[in-house]
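Reviewing the structure listed below.
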Amino acid sequence: MLTYPSIDPVAIQLGPVSIHWYGIMYMLAFASAWYLAMRRAPRANFSKDQVSDIIFNGAIGVVLGGRLGYILFYNFDAFLANPSMLLRVWEGGMSFHGGLIGVILAVLWTARRQQRTFASVMDFVAPIVPIGLGAGRLGNFIGGELWGRPTDLPWGMVFPHVDQLARHPSQLYQLALEGLLLFLLVWLYSAKPRATLKVSGMFLLGYGCQRFVVEFARQPDAHLNFVAFDWLTQGQLLSLPMIAIGLFLLLRKPAN
């Protein structure tokens, strides 16, 4: 049995300015996306300025969509009681599914400005996303949030700020699955020429399946618990459309 190593959520204190680990993870996420995008740019015929626009617009989409998604999907009642919580991003509370919607909207905007098709930009963006997702899950672990369900497995971890039960370190599962494994899957799949939206489909299917599985180890949100059948979580419910759309994009025949 392991014990969660309590970590100060503030990484650096500069007078009145606090730099949180959560914010650093977001910076790492955007930096990794920019680096990987620059690696892919020559083959996809994107200039450095176009890559910078994609990353900048995508970052705005992630932050705004992630926060709004968290409010709408997970904490709408609390928002109605205290609307100022919308701005307290440093406290955590971001939704991947909301961030995904934000990125899709950002890609729509960017593709139009760059006079490219939405599909071409989405297929360019999909492989550069997973490393950032992994960084976000590491931020969840450092912040001691989104812990797992009780377990008797030898790597079960006690989170003393929660209780004295050994729990799945589900944040690390998600780091491994949504970050590293998904990155390898989509990056290697995109290494060969693929039909339109196949790479995006692989990302959607890969993330959706891995998130659906890991939710069985992750503790459901206390105020939501299970949303159906006494086992289906909100995260699983939101991942089902990703799985369906991903399968559709991968199995559909390319247009002649």
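The values are calculated or read from the model by the stated rules, or taken from the named source; none is laboratory data. Note that the structure is predicted; figures quoted are calculated from it, not measured. Heads up, the Cβs are rebuilt from the backbone with ideal geometry, glycines too, and the neighbour counts pull from every protein chain shown.
Assorted remarks:
- Residue check for residue 152: in contact with a Ser or Thr (Cβ under 8 Å, 6 or more places away or on another chain), among the acidic types (Asp, Glu) and touching a residue at least 12 places away in the same chain (Cβ under 8 Å): no
- Subset of segment 5-15 [exposed (fewer than 15 other Cβ atoms within 10 Å of the Cβ) and at pLDDT below 85]: 6, 14, 15
- From the options 60, 24, 71, residue that is crowded, with 17+ Cβ neighbours inside 10 Å and not basic (Lys, Arg): 71
- Test: residue in segment 31-45 that is surrounded by fewer than 21 Cβ atoms within 10 Å (Cβ to Cβ), aromatic (Phe, Trp, Tyr) and under 25 Å from residue 207 (Cβ atoms): yes
- Applying the criterion of at least 3 residues that are within 30 Å of residue 158 (Cβ to Cβ) to the helices (runs of 4 or more DSSP H) found wholly in segment 6-89 leaves 21-44, 48-74.
- Taken over segment 219-241, the criterion of being crowded, with 22+ Cβ neighbours inside 10 Å and more than 15 Å from the chain's Cα centre (by Cα) is satisfied by no residue.
A quick yes/no check of all residues on (1) in a loop (DSSP other than H, G, I, E, B); (2) in contact (Cβ under 8 Å) with a residue 40 or more places away in the chain; (3) surrounded by 22 or more Cβ atoms within 10 Å (Cβ to Cβ):
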residue: 160; (1), (2), (3): yes, yes, no
residue: 163; (1), (2), (3): yes, no, no
residue: 171; (1), (2), (3): no, no, yes
residue: 175; (1), (2), (3): no, yes, no
residue: 184; (1), (2), (3): no, no, no
residue: 187; (1), (2), (3): no, yes, no
residue: 193; (1), (2), (3): yes, no, no
residue: 200; (1), (2), (3): no, yes, yes
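- When segment 104-154 is filtered for residues that are surrounded by fewer than 18 Cβ atoms within 10 Å (Cβ to Cβ), closer than 25 Å to residue 93 by Cα and charged (D, E, K, R), the ones remaining, listed by number, are 145, 149.
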